[in-house]
Amino acid sequence: MKTDYGIRIKRLRRTIKKSGFDTMMVLVEENRRYLSGFTGEDGSCDESAGALFVSMDNCVLATDSRYELQAQQEAFLFDVYCYREGLPQALPEILSKLKTKTLGFESNRLTVGQYGKMKEQLHAKKIDVDLVETQDVVENLRVIKSKEEIGNIQQALSVAEYAFKAFREVIRPGMTEKEAAWELEKCMHEAGAQRPSFPTIVASGPNSALPHAIPGDRRLRRQEPILFDWGVKLNGYCSDISRTVCLGAADETFQKVFETVLKAQRKAIDAIKPEVSTRHVDAIARNFIENKGFKGKFGHGLGHGAGLAVHEYPRVSPYHEKSLKAGMVFTVEPGIYLPGWGGVRLENMVAVGKEGARVLNVSNPLEFLIEV
């Protein structure tokens, strides 16, 4: 199925019409791809593959010579403008052609330095355009996923799970966390991943009490928690999954913590349906964990949206209040972290349907317990 970028542009134009600016400059990489199909990737915060300019009558993709042919091939609804010196220098000509009077820009992507250069160029060319700061204009459009997008996410998740099943054949006590992370990433590539969707986490023993631990030289040991957090990018879409395993027979603490986290996850998933608030879903899992004697041991939010970016809306936490809608996709990842011992986190991805949540994972957390 071919993505209907025209519908996405129409939705953006409806937002533009209500927002007090006549042209939107789109700089965020995932937003560019969502609206145009252009897959050019930014190198860093001060290096851009280009920008979209969407007005009520025109669509322009401005980029440099590295991406000109790619942009012409991918962004078929956009006129491609190739700049030579840089986007700030090209801005006066682009906005003049579009007859822009008020330009909305993505403030979370434009640096202060870039903003200053753009203002300087507009002033030098005597172009009278107001620059208006915007936040989350396109991100809010991306929250509701189409069937095609959910299918892409599910494919990425399937590859991630298949990769871990292959990894189970090579994991062994004595491997370092770094070696295990490398082996898992190799399995992802061999399974067909475009690339990992974020740096793979492997944290063993006490290190697993760090939710975002960096794999190090600690060696994997029997009868201790080993937390894995990984995902793949496929067709531009991200998957995200966490599992906690034990090599060999688990001790009583592991069994209690694991069972508590697993039940908390299931209760939260059962509570998901349209119009339920994200804060309420988080509270279902959090209260269960606290009532089992682990108050204060689950610090992060219950989940986050995932799609073209591995972290996007909605946020599912005590600090975000959002009504769930059919088509939202997000993670459900409760955890318990005990300093000095370790931690357990179990993460599934779900899509909100008309009646409730559909778990996109094929495997369940119990399948990943490993006897060695």
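The values are calculated or read from the model by the stated rules, or taken from the named source; none is laboratory data. A quick note: this is a predicted structure, and the numbers were derived from the prediction, not measured. Positions of Cβ are generated from backbone atoms using ideal geometry, with glycine treated the same way; all protein chains shown enter the neighbour counts. Remember, those area values only see protein heavy atoms, side chains included, never the ligands or the DNA or RNA. Shrake-Rupley method; radii C 1.70, N 1.55, O 1.52, S 1.80 Å.
Things to note:
- Search result, residues across the range 61-100 that are more than 14 Å from residue 50 (Cβ to Cβ), buried (at least 18 other Cβ atoms within 10 Å of the Cβ) and not β-branched (Val, Ile, Thr): 92, 95, 98
Quick grid of which residues meet (1) buried (at least 21 other Cβ atoms within 10 Å of the Cβ); (2) under 30 Å from the mean Cα position of the chain (by Cα); (3) modelled with pLDDT under 95; (4) not hydrophobic (A, V, I, L, M, F, W, C):
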residue	(1), (2), (3), (4)
214	no, yes, no, no
225	yes, yes, no, yes
231	yes, yes, no, yes
234	yes, yes, no, no
244	yes, yes, no, yes
248	no, no, yes, yes
256	no, no, no, yes
259	no, yes, no, yes
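- Residue identified as modelled with pLDDT under 95, surrounded by 19 or more Cβ atoms within 10 Å (Cβ to Cβ) and either at positive phi or not basic (Lys, Arg) (or both) among 103, 110: 110
- Here residue 191 meets each of (1) closer than 21 Å to residue 352 by Cα; (2) open to solvent by 10 Å² or more (accessible area, probe 1.4 Å) with one exception, condition (1).
- Test: residue in the range 22-37 that is of a type in the set (Gly, Ala, Ser), outside any helix (DSSP H, G or I), open to solvent by less than 60 Å² (accessible area, probe 1.4 Å) and over 18 Å from residue 141 (Cβ atoms): no
- Pair list, Cβ under 7 Å, 6 or more apart: the range 39-58 residue open to solvent by 40 Å² or more (accessible area, probe 1.4 Å), other residue among the small types (Gly, Ala, Ser): 39/236; 41/49
- Candidate set from the range 171-182 (those that are open to solvent by 50 Å² or more (accessible area, probe 1.4 Å) and without any contact (Cβ under 8 Å) to a residue 60 or more places away in the chain); member that is nearest to the chain's Cα centre (by Cα): 182
- Restricting attention to the range 263-279 and to residues that are in contact (Cβ under 8 Å) with a residue 60 or more places away in the chain and either touching a Pro at 6+ places or on another chain (Cβ under 6 Å) or among the β-branched types (Val, Ile, Thr) (or both), the residue that is most open to solvent (accessible area, probe 1.4 Å) turns out to be 269.
- So residue 249, is it in a loop (DSSP other than H, G, I, E, B), in contact with an Asp or Glu (Cβ under 9 Å, 6 or more places away or on another chain) and not acidic (Asp, Glu): yes
- Contact map, the range 8-23: first residue among the acidic types (Asp, Glu), second residue at pLDDT below 95 and surrounded by fewer than 14 Cβ atoms within 10 Å (Cβ to Cβ), Cβ cut-off under 7 Å, separation 6 or more or different chains; the map is empty.
- The criterion of at least 3 residues that are touching a Ser or Thr at 6+ places or on another chain (Cβ under 7 Å) is met by the following strands (runs of 3 or more DSSP E) wholly inside the range 73-159: 102-106, 130-134.
- Residue match in the range 83-93 (condition: more than 30 Å from residue 208 (Cβ to Cβ) and among the polar types (S, T, N, Q)): yes
- Number of the exception - residue 291 against (1) more than 13 Å from residue 265 (Cβ to Cβ); (2) outside any helix (DSSP H, G or I): (2)
- Listed here are the strands (runs of 3 or more DSSP E) enclosed by the range 304-369 that have at least 3 residues being in contact (Cβ under 8 Å) with a residue 12 or more places away in the chain: 312-316, 329-332, 335-338, 342-345, 348-352.
- Residue ID - nearest to residue 87 (Cα to Cα), chosen from residues in the range 100-151 that are within 18 Å of the chain's Cα centre (by Cα) and small (Gly, Ala, Ser): 146
- Qualifying residue in the range 133-149 (condition: open to solvent by 60 Å² or more (accessible area, probe 1.4 Å), among the acidic types (Asp, Glu) and under 30 Å from residue 327 (Cα atoms)): yes
- Just one of (1) over 30 Å from residue 37 (Cβ atoms); (2) open to solvent by less than 20 Å² (accessible area, probe 1.4 Å) fails for residue 312. It is (1).
- Sole residue being in contact (Cβ under 8 Å) with a residue 24 or more places away in the chain and under 28 Å from residue 313 (Cα atoms), chosen from 241, 226: 241
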